[in-house]
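Some notes on the structure that comes next.
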């Protein structure tokens, strides 16, 4: 069942699939601590922006977000805010975890993928993101893969 939200004089749903890629498409998320910290900073900034990250999933060299309730933000601003904050915090406090793979003042690549998600429920998208990650991990890594559902 789709979740329609009311606010002011509107009723509807706003769901978005975003994919971010680390600079130079490096496999920084192979390190579980890098994954956990990056996701934590993305969740923190999303909460500050009053948007919901319904699901977050990582491949070794990319990250998927399922964002709900983003109607007050333009997609480039939303993506930019999430990437800028998480990049700054990762480089400021945890650069030693990935400095052999990333250099300079970058954590994320400059682009991103986005797709608005319409008449599906959040469980469908969560399953889509999780199932899509299996091809990026070998069987041993899949056992330790953390599926973030906020």
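Somewhere in segment 89-96, is a residue farther than 22 Å from residue 27 by Cβ and touching a helix residue (DSSP H, G or I) at 6+ places or on another chain (Cβ under 8 Å)?
no
Is it the case that residue 67 is over 14 Å from residue 28 (Cα atoms), under 17 Å from the mean Cα position of the chain (by Cα) and surrounded by fewer than 20 Cβ atoms within 10 Å (Cβ to Cβ)?
Numbers: over 14 Å from residue 28 (Cα atoms): yes; under 17 Å from the mean Cα position of the chain (by Cα): yes; surrounded by fewer than 20 Cβ atoms within 10 Å (Cβ to Cβ): no.
Answer is no for this residue.
Okay, residues lined up against (1) in a helix (DSSP H, G or I); (2) within 20 Å of residue 100 (Cα to Cα):
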residue: 36; (1), (2): yes, yes
residue: 46; (1), (2): yes, no
residue: 57; (1), (2): no, no
residue: 67; (1), (2): no, no
residue: 70; (1), (2): no, no
residue: 76; (1), (2): yes, no
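What tally of residues in segment 21-31 results from selecting those that are in contact with a helix residue (DSSP H, G or I) (Cβ under 7 Å, 6 or more places away or on another chain) and surrounded by fewer than 18 Cβ atoms within 10 Å (Cβ to Cβ)?
Applying the first criterion (in contact with a helix residue (DSSP H, G or I) (Cβ under 7 Å, 6 or more places away or on another chain)) to segment 21-31 yields 22, 28-29, 31.
From what is left, the residues that are surrounded by fewer than 18 Cβ atoms within 10 Å (Cβ to Cβ) are 31.
Looking only at that region, the number is 1.
Give segment 68-104 a look and list any residue that's at pLDDT 95 or above and closer than 26 Å to residue 12 by Cα, or say none.
Across segment 68-104, the qualifying residues are 73, 74, 75, 76, 77, 78, 79, 80, 81, 82.
Just one of the numbered conditions (1) over 20 Å from residue 116 (Cα atoms); (2) exposed (fewer than 15 other Cβ atoms within 10 Å of the Cβ); (3) more than 14 Å from the chain's Cα centre (by Cα) is not true of residue 50; which one?
(1)
Considering only segment 98-113, state which residues are within 19 Å of the chain's Cα centre (by Cα), more than 24 Å from residue 66 (Cβ to Cβ) and surrounded by fewer than 16 Cβ atoms within 10 Å (Cβ to Cβ).
106, the sole residue that qualifies.
The values are calculated or read from the model by the stated rules, or taken from the named source; none is laboratory data. Just so you know, these numbers come straight off a predicted model, no measurement behind them. No Cβ is skipped: glycine too gets one built from the backbone with ideal geometry, and neighbour counts run over all protein chains shown.
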